Structures are given as structure tokens and as C-alpha cells.
1. List every residue pair whose Cβ atoms lie under 7 Å apart, where the two residues are 6 or more positions apart in sequence or sit on different chains, the first residue falls within the stretch 403-425 and is free of Cβ contacts under 8 Å to residues at least 60 places away in the same chain, and the second residue, located anywhere, is polar (S, T, N, Q).
2. Being touching a Ser or Thr at 6+ places or on another chain (Cβ under 7 Å), open to solvent by 50 Å² or more (accessible area, probe 1.4 Å) and outside any strand (DSSP E or B) is the filter here, so list the residues in the stretch 605-615 that pass it.
3. Among all residue pairs at least 6 apart or on different chains, which show Cβ distances below 7 Å where the first residue, located in the stretch 56-72, is within 19 Å of G33 (Cα to Cα) and the second is surrounded by fewer than 23 Cβ atoms within 10 Å (Cβ to Cβ) and among the aromatic types (F, W, Y)?
4. Pairs needed: first member in the stretch 293-319, free of Cβ contacts under 8 Å to residues at least 24 places away in the same chain and surrounded by fewer than 24 Cβ atoms within 10 Å (Cβ to Cβ); second member anywhere, of a type in the set (A, V, I, L, M) and in a loop (DSSP other than H, G, I, E, B); C-beta distance under 9 Å; at least 6 residues apart or different chains.
5. Looking at G361, G406, G441 in this structure, which one is within 28 Å of V141 (Cα to Cα) and surrounded by fewer than 21 Cβ atoms within 10 Å (Cβ to Cβ)?
6. Within 30 Å of L259 (Cβ to Cβ), touching a helix residue (DSSP H, G or I) at 6+ places or on another chain (Cβ under 6 Å) and of a type outside the set (V, I, T): is that true of G191 in this structure?
7. Looking only at residues in the stretch 519-549 that are basic (K, R) and touching a strand residue (DSSP E or B) at 6+ places or on another chain (Cβ under 9 Å), which one is farthest from G181 (Cα to Cα)?
8. Has the stretch 559-568 got at least one residue that is open to solvent by 40 Å² or more (accessible area, probe 1.4 Å) and of a type outside the set (S, T, Y)?
Amino acid sequence: MTLPYRPLAFWAIVCLGASPLEAQRADLLSHAGITDLATLERMIMVPMRDGIRLSTAVIRPKTVSGPLPTVLIRTPYLKDGELERGGLAVRFIREGYAIVIQNERGTEWSEGKHQFLAGARDDGSDALSWIAAQPWSNGKVGMIGCSSSAEDQLAVASTNHPALKAIIPMSAGAGIGDIPGVSSQGLFYKGGVPQIGPWTGWYAEAGHANRPKLPPDLSREELGRLYDFYSPFPKAENERFGVTSVAGALHGTGSTGGLAHLPSGDILKAAGVPETDYDRFVTLSPADPHWRTIDFIHDGDRPLVPALHVNGWHDVGAFETIKLFEYLKDVPNQFLIMAPTSHCAMLAATAKHKVGERFVGNAKLPYEDLFVKWFDQWLKDKPSDILARPKVQVFLEGANTWTKAGAWPVPGTTAMKFFLHGDGHGQTRRGTGSLSIKAPGSELPDAFVSDPMKPVPSRGGGCCDRDAVRDQRLVEDRKDVLVFSSEPLRAGVAAIGEVRAVLFVSASTPDADIAVKLIDVYPDGQAFNLYDTLLRLRYRDGFDRAVPMKPGEVYRAEITGLVAGNYFGVGHRIRIEVAGSNFPNFERNMQTGGKNYDEVSAQVATIRIHHDRASASYIELATIPR
């Protein structure tokens, strides 16, 4: 990803202001608020090993002489936007750091064709070598960024380049391909189901494979002048689509337009979007060999670079972040922060923070001080207390407190199972579905009808929406949603970490999806989503094999990808929703057993969740004492 795609407001303000000069020249220094503090060299076309040149800017403090440590940001977005993040540029310049911002291959004015994380390892390594060779550099480089500019860090760190001393990847889930416990392939999937909502929006606005390029023989001065007057980013979406944004065009107004367009593989083509990686990715399976050619971090990689991993519990890649931290558990100097925030919202957290509709409490951390200390330690050889901080610092929502630990999973974590119960009437929040620590006996299954042409609507979740948490009661009023709730808790339950669901499922069709959502139900009935996931049932035996179901046969389905940092307080209830879709965040399953991405006709499925003595369905929370 990265996720997020930039909304129209971003492009309009930064790219399409009152004049071309205002749009791009006010320039990087002005956007970062450091005009009086720094010097700027822009449109440096740095050659890569294959001859492709990448557009690069160098910002250096005016008041510091001698070789400088460098903070590197590699991004597919406007350089200006990266510098505006949380006021970090001002702080780094004041602390005597040079800042280098480089556009990834094929983005902004960088040469080459844009493909997601294509060449990130080689290009990042070449950028590090170039920086280390500059007369103003002390040869020590740190990388920082959120979303796309974080995912790139994981690939570059995997090269273990000698100049790269430390990284700060924030919301970097889309840089993770296949590691133990994760097969989401850069967040393109959850449980084998493409995340079409976030990705079509991102590719429509930021992921074009082909963009205008400048002639290779121009002087730096001429390149600078052209930079002032032209933008290589997409023109105003309201001019092209007649709506407020590409996202608006994709959502459409009817049951068949925009993201509802069929086949799903042609959603962007139908909207008139130029070539993107989506056109190919949507045709792949989660185990396709092509995914190994993308510069994700993969199983077998062993980056040794000190890393401060930062994410939020409501980020689309929260699960992948904690699994990466687990994967790197034997690598020294790895630290984890999980905040009560959505995608890339950590630095903007407040003392009275809300995520969407839910108040979570004091989510602030002194990120600026923390990041400066981190880079001082590794780039300036300036010892501090940074390495004495806890390896793990995670926010416990519902308790308004940070939990600190020396390892992950948090020491003392125990698994707590809640079994599903019912009598065949578990549809809607008013049904009879329940959760209990007591194992089931003889019980009837609960069933619902999944119609791909009438999918269960996404409400919250997804990526890049500050309203990631919303009251789910409107969704839970639908008859195609099963609801299983505990009794009001007599003692609170603190859940920190991975959440698993094991469901025994049968269906009337050869394939179907199972969408699971974890909910905290307040005493007044408000039902806030914590996290969601899916499993495409053809992959129930592994993502490397697609096995159709036999109608009516009962299958064990282990559903992963859920994560939580939440205290279910006294009087609250723990709830899960089970449905056959979560649209448009995720692609609909046509339920035919076919390729799906090329299908326009669907089958309606009756799906049953079994919860008896022989087929005991349950969810399992990772809990800590409190």
C-alpha cells in the first residue's frame, strides 16, 4: 500500500493550488516550516545501478557544519507531504540532521515505470550508498516514514546495508509479504480475500504504472523551473469523473457501479483509470510465485537494523505489524509501540482521543523526543535512555492505559476460549447466539443466507479512514449476520494480542467467505468494532491450495488476522459477528468456486455455523492479568 490513498483534498491543496508556483515552489522548506533554518537542493537525479534516475531533494541545516547524520525518506507521494508529517522536519533540522527525500521509481519525476515496491531493495541500497559518499554526510543514515514510506524501509533494511543504522517504520503492514503466520502479501488480502476498497482507491490516485517524464539531458536549473510549473500527479478528479474524487466515482450511486462493478477485476478499467498493478494482482492467488518477486519482507529475510516499529490497533496492518515483531524476536534492538489509532494517525493523537465514534483516552506519546533519541543513539553515537525503554509499549483501550513489557507476546499472556452457542436463531443482535467459556453440548447450527448481490456493508474498519471505529448495531440488524455475545462481564477481560476463531462451517455452494468481526458491547448497547478479518473457504486447508467444498459437508475453518488491545470492562459484553461478506472493504465472493475476478454472475449460499459437542466453534483471546 501504501495505504492510504491520498484524498482529493490533499492533491488539490498541494498540487492544484491557485497557481503552479504556489503548488510546488513555496517549496519544500516552506511546507516544512524550515525556510530560515535550512538549505535545499532539489531535483537531483540520482542514478540507480540500472541507469534509471530518481528525483531526490537534500535539505541541510544552515547552522551546523561538518559531516551530518542523515534521515532518508523514500516515497511515492509528493515530497512536500512527507515533510509536513507531525513537524518532524523542523525538529530534525534543529537537531543537526540532513534530510533526504527521494521519490520511488516511476513516481513524481523519478524515471522508470511504477510498480508496487519494485526494486525497493536495490534502489534503496543505491540511495544509501549515494548519501554515504556525499561530502556533507557522516556515512550514517536512518529511515523514517508512515505507510508507503515505511513499507519501503522494510525492504531496504533487509539488505543490511552498512550505512543504514536505524529505521522507524510506522503503519508498515503493506511491506510484509509472507512470514510465519502471515500470507496477506502486502495487505492485498485478508484470509485470501482481496481488500478491494482500500486498494482500488489507492491505485486510482497514486498507483499509475505510467506517468509523464522529463527529458534526460536537462540542466538542474531547468529541472527546477519545470518542477515549479508542472505536476506529474493525476489531474483534478472532479474534472475527470465529474464527482468530488476518484473514491467517489468508485463508490458510485447504484448497485452495479463503482466498487460494485463486475467483474471485480475490471473495477478500475471501468472507471477509466490507467494501468496499475491492481489489474494483475487481482488475478493472482495468495500463493502465486509472483508475490515473491515483489520487494516485501519475506520469510527467510533477516534484517539486523535497529527498528522502532510503530502502529495503531485500528490500522489495516496491525496484525501484520505484531507478527513481524514476533518474526524478528531474536534480532537485537527491536521495539514495538501499538497506539489506539487508525492508519498513520499516531502522531496526531490527543490527550482526549477518539477513534471514529469511540473515545479511547489519552493516546499521546512524546514521539518527537522519542524519534530524535532513537536516531541520536544510532546515527550520532549519542547514548541516551532509549535502549532502556520497554521493548513493548501497547495501549489498552477501554482502560485508558499503556501496558509495557519486555517481550511479545506480553509475558503472562494466556489463551481464553469463548465457545459459540445457539439454537438456530442467531441472526441479528436480537437473536439467541451467545458466547460462553462453557463447551457446547447438543445444539442446532445457526444459518444465514449470503447473497453477493446484497452484501453486508462495511462499517468502519478498512484503511485510512479516521472513522475506523463505529457503532455496529445497524449491521447487526441484518438477517444475514449472525451475532454471538457473552453475558455482561462480572470481571473485566484484558485482551492484548492475536485473536483466533475456529469455526465449523457448511455451505450450499462450492465456495464462500466467512467474515468475522470482534466487538466490544457497552452497557448502553453501543457495539464498537475492534478488528475484522475474513477467510475464503477454498483456502481453509492452506493458501497454497484451493479446495472446493461439498454442499452440506462440515469443515473446520481456522480464521486468523484478528488482533486487539482492549479491556472489556465489567458490564461490557464480548461479541463476534459472522457474515458472508464485508463490502466494499473486501471483494465479494461470487460463491461459484470459479476465479471470481472475472465473474459477473453469483450463486446465493446458505451458510451454517455448527457449534455442538463434535463441532465446537470458538474464539480465542490472548489475555493478560489485570
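The values are calculated or read from the model by the stated rules, or taken from the named source; none is laboratory data. The structure displayed is predicted, hence computed values, not measured ones. Backbone-built Cβ (ideal geometry, glycine too); neighbour counts: all protein chains shown. Ligands, DNA and RNA are excluded from the accessible area calculation, which covers all protein heavy atoms including side chains. Shrake-Rupley method; radii C 1.70, N 1.55, O 1.52, S 1.80 Å.
1. K404/Q393; D423/T432; H425/T432
2. To start, the set of residues in the stretch 605-615 that are touching a Ser or Thr at 6+ places or on another chain (Cβ under 7 Å) comprises 605-613.
Then drop every residue that is not open to solvent by 50 Å² or more (accessible area, probe 1.4 Å), which leaves 608, 613.
Result: R613, single match.
3. Pairs found: R60/W136.
4. Once the first residue is free of Cβ contacts under 8 Å to residues at least 24 places away in the same chain and surrounded by fewer than 24 Cβ atoms within 10 Å (Cβ to Cβ) and sits in the stretch 293-319, its partners that are of a type in the set (A, V, I, L, M) and in a loop (DSSP other than H, G, I, E, B) give T293/A118.
5. Details: G361 fails: within 28 Å of V141 (Cα to Cα); G441 fails: within 28 Å of V141 (Cα to Cα).
None of the others qualify; the one that does is G406.
6. Numbers: within 30 Å of L259 (Cβ to Cβ): yes; touching a helix residue (DSSP H, G or I) at 6+ places or on another chain (Cβ under 6 Å): no; of a type outside the set (V, I, T): yes.
Answer is no for this residue.
7. Step one: filter the stretch 519-549 for residues basic (K, R), giving 536, 538, 540, 545.
With touching a strand residue (DSSP E or B) at 6+ places or on another chain (Cβ under 9 Å) added as a condition, the list becomes 536, 540.
Working: R536: 16, R540: 14 Å.
Here the answer is R536.
8. Here is the first cut: in the stretch 559-568, the ones open to solvent by 40 Å² or more (accessible area, probe 1.4 Å) are 560, 567.
Those left that are additionally of a type outside the set (S, T, Y): none.
So far as the stretch 559-568 goes, no, none of its residues is open to solvent by 40 Å² or more (accessible area, probe 1.4 Å) and of a type outside the set (S, T, Y).
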